[in-house]
1. What does the charge count near THR208 come to, summing +1 for each Lys or Arg and -1 for each Asp or Glu among other residues with Cβ under 14 Å from its Cβ?
2. Taking the Cβ of each residue in PHE52, PHE242 as the centre, tally the other Cβ atoms inside 10 Å and list the residues starting with the fewest.
3. Net charge near TYR93, counting Lys/Arg +1 and Asp/Glu -1 over other residues with Cβ under 12 Å of its Cβ?
4. Once amide H atoms are built 1.01 Å from N in the peptide plane, which residues 5 or more positions from LYS69, or in another chain, come under 5 Å H to H?
5. Say R0 is 30 Å: what FRET efficiency, to the nearest 0.05, do LEU58 and HIS80 get from their beta-carbon distance?
6. Show the residues, 5+ positions off or on another chain, whose built amide H is closer than 5 Å to the amide H of ASN90.
7. Which GluC sites (Glu not before Pro) does region 44-89 hold that lie in a coil by DSSP with at most 11 other beta carbons within 10 Å?
8. Arrange SER60, SER226 by Cβ neighbour counts within 10 Å, fewest through most, would you?
Amino acid sequence: MKSSQKLPHEPVSAWWGLICLYAELLSGCSTVQTETNKLKSMVVEPAPDAGFIERPELQSKRADLPFQKVWVKAGFDASHYKELVVAPVNTRYMLEMDWLHQLSSANLLSDAKKDIEEIGVYFHDQVVKEFKEDPNQRFRVIEYPSEHKQPALRLELALIEINPSQPALHAAGWLTPGGGTAAGFVNKRRAAFEGRLRDLQTAEVVATFADRDMQDAGPIDLTRLSWYGPAKGIMERWAKQFVEIANKKPGEVVGDPAPFTVRPF
């Protein structure tokens, strides 16, 4: 690419604003949480709606939350609820990812599907772990709805996207030099989910939310020899944010810790 050629869909003013914002973050300003949310909105576009949320058009961006799309039922009082059920993570939407169907053999596709199931379990277990280890013990985590003794919520999550980096695909043996398998997805390192909160007693959905995030790839990802290495870090971050949001007080901002950089490689 010639040095005079502009990056597609990235105006110079947007990149300059990104650089200035990132510099401000590093300076440790008092509004760092709000600013990290702004930084993320400039770097990561929301994922297309997958269908797990029935009325995605009701969602909007909230400056006090790290997720890109949020809807909360009017009058919903989270403090009323004391227990939480974390449902098994839905992964069926991930089977529709384009790159998955570009794999060169049935064996690779079978391996990928098995990995996707394991990733869903990993995400679920991380969320449960973070809530159980929450110093504030905001919710008592219960495994089965029949165990609930106090007003309870059910957290339902769907992983809808994981885009591996090209180096990770090489490390997993799914890409050969010069090969075309999944070659269109280079260094994206993104993952996305959709989620909803449901009143366990009434089965009514009281909140929905969706997010896409990114993670830098590095040597630690390649040593895992897995295409989903970067996504695990993203899911760990989401799990922590769920707990932070649960403990959020009025007026507080829960932001992204900006663990990523703007480098493309």
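Every number here is computed from the coordinates shown, using simple stated rules; none is lab data. This structure is a prediction, so every number in the text was calculated from the model and none was measured. Reconstructed Cβ throughout: ideal geometry from the backbone, glycine too, with neighbour counts over all protein chains shown.
1. Around THR208, the surrounding residues sum to 0.
2. Ascending Cβ contact count within 10 Å gives the list PHE52, PHE242.
3. Once all neighbours under 12 Å are counted, the net charge is -3.
4. Amide H neighbours of LYS69, under 5 Å, 5+ apart: ALA210.
5. According to the calculation, E is roughly 0.90.
6. Amide H neighbours of ASN90, under 5 Å, 5+ apart: LEU157, ALA158, LEU159.
7. Taking region 44-89 and a limit of 11 other Cβ atoms within 10 Å, the loop GluC sites (Glu not before Pro) found are GLU54.
8. Taking fewest neighbouring Cβ atoms as first place, the list is SER60, SER226.
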